[in-house]
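Just below is one structure, and these are the notes that go with it.
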Amino acid sequence: MRLAGRSVVVTGGGNGIGRALALRFAAAGARGVTVADLDPDWARRAAERIEAAGTPALGVGCDVGDPAAVDRLVDAAEAAFGPVDVFCSNAGYSDLAPADLSQSVEAWRSIMDVNLLAHVWAARRVVPSMVERGDGYLLQTISSAALITGPSAPGYTASKHGALGFAEWLTLNHGHEGVRVTCLCPNAVYTGMFGRDPDDDSALPEAGSLGELLTPEQVADTTVAAMEGAEPFLVLPHRRVGESFLRKATDYDAWLDRTRGRLQRMRATG
Ligand SMILES: NC(=O)c1ccc[n+]([C@@H]2O[C@H](COP(=O)([O-])OP(=O)(O)OC[C@H]3O[C@@H](n4cnc5c(N)ncnc54)[C@H](O)[C@@H]3O)[C@@H](O)[C@H]2O)c1
């Protein structure tokens, strides 16, 4: 898809990967970029930055876990820039719950609302009009945790697996109607998840045990190049994620044994 002339919505666009994507979509010539974030001030500031560079933009406060709020977000984007061509469900969080089963019922519900169900609320609102026009793009920021379970808490892991399953369902059922779906599944990216706020321009820290730490701008560049190129279902900015996913598919039990050992060693060394 050529992004020039498109109307794009990015959730969680006030910081991190979403903000970098929103800026990158604007640089690619989008006709309008709607930035939504739980923090309305961050959304507004990202929109102002995009407008200052010459692309019309709108900043909207929105909790993507609330289906009515997602409807209002799309209403606002349509009123400002016409039909939504690209919806980027990017908002998400990794809670600080320990990687055990002690997470509360409320914590489970909340992470499912934001990391999984928000993708459903957005698709329910935008896919019918994309199908009518025979054209649309859903970019879902998910995580490597959806493909290869790692040290994350169980709620994060399960919500991301669910989001990937829902994205597969979307492309299998609406791909032939002009709706493209791409799942961005990064590993470590230096964002708010690492305590970085939108104004923090500090250099990339040493990756240490993370293996490879990318900037949100690197991830946004890779993603937009893929969307304007082969439009793949999966975008994996960290190469080792694809390699590990392949090993898992080739021998699931051996992969589980190795990963179990690795997680135990990680826990033992803190
Ligand atoms: N940073 C990483 O290492 C990493 C790795 C894999 C996947 N991801 C995924 O990338 C996506 C973006 O995260 P990030 O790393 O840029 O983090 P981030 O914290 O920098 O940005 C996330 C943004 O989403 C917003 N947000 C959170 N809950 C929201 C809600 N309910 N409604 C609307 N906005 C909300 C936050 O205010 C924030 O601005 C998430 O889905 C995350 O799971 C991140």
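Taking the Cα centre of the chain as the origin and placing charges on Cβ (Lys, Arg +1; Asp, Glu -1), which of H238, G65, L23 is farthest toward the positive end of the dipole?
Farthest towards the positive pole: H238.
Quick one: ranking Y252, Y137 by accessible area, 1.4 Å probe, largest first, what do you get?
From most accessible down to least: Y252, Y137.
If you put +1 on each Lys and Arg Cβ and -1 on each Asp and Glu Cβ, how big is the dipole of region 1-160 around its Cα centre, in Debye rounded to 20? The partial results should precede the final answer.
Values: 14 positive and 17 negative charges, 111 e Å.
It works out to roughly 540 debye.
At 0.36 nm per residue, minus the direct Cα-Cα distance, what do T171 and L256 gain on full extension? Give it in nm, one decimal, please.
Values: separation 85, 0.36 × 85 = 30.60 nm, distance 2.81 nm.
Between T171 and L256, full extension yields an extra 27.8 nm.
With only Lys, Arg, Asp and Glu charged, each at its Cβ (+1 for the first two, -1 for the last two), find how big the charge dipole of the chain is about the Cα centre; round to the nearest 20 debye.
Computed charge dipole of the chain: roughly 620 debye.
Using alpha carbon centroids, what distance separates region 46-102 and region 143-177, in Å?
19 Å
Report in % the part of the accessible area of the chain that belongs to carbon and sulfur, leaving out ligands and nucleic acids; probe 1.4 Å. Show your work: numbers first, answer last.
Values: 6770 of 12360 Å².
Here it works out to 55 percent.
For D197 paired with T269, estimate the spin-label separation in nm (one decimal), with each label point 7 Å from Cα along the Cα-to-Cβ line.
For D197 paired with T269, the spin-label model returns 3.3 nm.
To test your reading of the geometry: what angle, between 0 and 90 degrees and rounded to tens, separates the Cα axis of helix 154-174 from the longest principal axis of the chain?
Result, in degrees: 50.
Over the chain, what is the mean sequence separation of C-alpha contacts under 8 Å (at least six apart), divided by residue count, expressed as relative contact order in percent? Intermediate results must be reported in sequence, preceding the final value.
Details: 500 pairs, mean separation 48.0, N = 270.
The normalised contact order for the chain reaches 18 percent.
Can you give me the accessible area per residue for the chain, using a 1.4 Å probe, in Å²?
46 Å²
The values are calculated or read from the model by the stated rules, or taken from the named source; none is laboratory data. Computed from a prediction, not measured in an experiment: that's the story for all the values here. Quick reminder, even Gly has a Cβ in these numbers, built from the backbone with ideal geometry, and neighbours come from all protein chains shown. Only protein heavy atoms, including side chains, enter the accessible area calculation; ligands, DNA and RNA are left aside. Shrake-Rupley method; radii C 1.70, N 1.55, O 1.52, S 1.80 Å.
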